[in-house]
Structures are given as C-alpha cells and as structure tokens.
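Participant: Let me begin by handing over the structure; questions about it come next.
The values are calculated or read from the model by the stated rules, or taken from the named source; none is laboratory data. The model shown is predicted, which means the values in this text are computed figures rather than measured ones. When we count neighbours, we look across all protein chains shown, and the Cβ atoms used for this are built from the backbone with ideal geometry, even at glycine.
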Amino acid sequence: MVEPGPPIPAIPAQDLDHISLAVPDLDAAMALYRDRFGCTVTDPIEIAAQGIRMAYVQLGNAKIELMEPLDESSPIAAFIARNPAGGIHHFCLTTENADDAAAAASEAGVRVLGKPGPGHHGKRLFFIHPKDSLGALIEIEETE
C-alpha cells in the first residue's frame, strides 16, 4: 500500500518578501530604521495609483515596506485614521505563479481580494482576505 504524501498546498508559498507598515510620516519612519537600527533604506517613491508614498528597509532575508498615505482618499489613510501611530498593514509571501495560486486559493474556499495584477514593480500579486488568514492581510506576489 502506498502511503499518501503531504497535501499539496492551495497557495505554494516560497519566502517572506516583506512586512508592510502603514506610517503617518514616511520621512520619520525612514530615519528611525536608518539612524536607530543602521538599516539601508531605499529612496521614497510615490505610487499615485495606490495613493501611497513608500520606501523599503533592506534586510538580509526580507524587507520592511513603509507606506504613507498621499491624501485622505488613500486606503492607507483609513488605516492610519484607525491606528494614528501606524502599524502592521500586511505581510507578503512569494509564489511562482500568482494566477495559479489565486485560482487554487479560490477553489479551496479562500477569499481572494481583487484579481491578480501587476504591482508597482511589475510582479503579479493578489491579497487574501484577513478572515481567511488568522486576521492578517496577506499579499501573495510572484517571484518573477
């Protein structure tokens, strides 16, 4: 009799890419990680389509994504309104194929927010509803 192998995961995650923090003041957040912790921080970029200004804190095996709302219409502005000091917004796991992972997640009964599409850096991504992931918003991003 052949023993069954481990179950095939609906969303085959490979690595932690980043943890995203919503912050009320991007420049202050960048300075904190650069000056207090000695981290390398990228130059900020503005992503008008998402209503954010952001920078990455570079770490050896993952990044911290710092996001500041551009204005009150930004989805991050609502998060900051509820959490004035800022806080963890989501974390991002990588997978080989975002479209296949989103389809498999949906088939497994996991709520996918939106359709997989390109992020600001061109990699395809989607989000998993927090109610299906222990209360955490999870971004799933293609490796390449």
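Table: residues versus (1) of a type in the set (A, V, I, L, M, F, W, C); (2) under 23 Å from GLU46 (Cβ atoms).
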site	(1), (2)
CYS92	yes, yes
GLY119	no, yes
PRO130	no, no
GLU144	no, no
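Participant: Could you grab me the full set of residues in region 111-128 that are farther than 18 Å from ASP17 by Cα and assigned to a loop (DSSP other than H, G, I, E, B)?
Facilitator: Applying the first criterion (farther than 18 Å from ASP17 by Cα) to region 111-128 yields 111-115.
The answer is ARG111, and nothing else.
Participant: Do we find that ILE64 is of a type in the set (A, V, I, L, M, F, W, C) and either surrounded by fewer than 16 Cβ atoms within 10 Å (Cβ to Cβ) or touching a residue at least 60 places away in the same chain (Cβ under 8 Å) (or both) in this structure?
Facilitator: Considered against the rule, which asks whether it is of a type in the set (A, V, I, L, M, F, W, C) and either surrounded by fewer than 16 Cβ atoms within 10 Å (Cβ to Cβ) or touching a residue at least 60 places away in the same chain (Cβ under 8 Å) (or both), ILE64 comes out as no.
Participant: Considering only region 113-126, state which residues are surrounded by fewer than 19 Cβ atoms within 10 Å (Cβ to Cβ) and either more than 22 Å from TYR56 (Cα to Cα) or modelled with pLDDT of 90 or more (or both).
Facilitator: LEU113, GLY114, LYS115
Participant: Applying the selection to region 74-98, what residues are in a helix (DSSP H, G or I), surrounded by 13 or more Cβ atoms within 10 Å (Cβ to Cβ) and over 13 Å from the mean Cα position of the chain (by Cα)?
Facilitator: PRO75, ALA77, ALA78, PHE79, ILE80, ALA98
Participant: Looking for whichever is among the aliphatic types (A, V, I, L, M) and touching a Phe, Trp or Tyr at 6+ places or on another chain (Cβ under 8 Å) here; the options are ILE19, ILE88, ILE45, ILE80. Which one fits?
Facilitator: Of the residues listed, the single one that is among the aliphatic types (A, V, I, L, M) and touching a Phe, Trp or Tyr at 6+ places or on another chain (Cβ under 8 Å) is ILE19.
Participant: Another one. Assess whether GLU46 counts as being acidic (Asp, Glu), under 24 Å from ALA136 (Cα atoms) and without any contact (Cβ under 8 Å) to a residue 60 or more places away in the chain.
Facilitator: It is false that GLU46 is acidic (Asp, Glu), under 24 Å from ALA136 (Cα atoms) and without any contact (Cβ under 8 Å) to a residue 60 or more places away in the chain.
Participant: A follow-up question, please. Just one of the numbered conditions (1) at positive phi; (2) crowded, with 19+ Cβ neighbours inside 10 Å is not true of VAL57; which one?
Facilitator: (1)
Participant: Using the structure shown, decide if ALA101 is in a loop (DSSP other than H, G, I, E, B) and either touching a residue at least 24 places away in the same chain (Cβ under 8 Å) or within 13 Å of the chain's Cα centre (by Cα) (or both).
Facilitator: no
Participant: Pick out the one residue from ALA28, ALA49 that is in a helix (DSSP H, G or I) and either charged (D, E, K, R) or modelled with pLDDT under 95 (or both).
Facilitator: None of the others qualify; the one that does is ALA49.
Participant: Let me confirm something: among PRO12, PRO69, which residue is surrounded by 14 or more Cβ atoms within 10 Å (Cβ to Cβ), modelled with pLDDT under 95 and out of contact with any His (no Cβ under 9 Å at 6 or more places or on another chain)? Write out each step before concluding.
Facilitator: Details: PRO69 fails: modelled with pLDDT under 95.
Result of the check over PRO12, PRO69: PRO12.
Participant: List pairs: first residue in region 120-141 and of a type in the set (Lys, Arg), second residue assigned to a strand (DSSP E or B) anywhere in the structure, Cβ distance under 7 angstrom, at least six positions apart or on different chains.
Facilitator: Pairs found: LYS123/GLU141; LYS123/GLU142; ARG124/PRO116; ARG124/GLY117; ARG124/PRO118; ARG124/GLU142.
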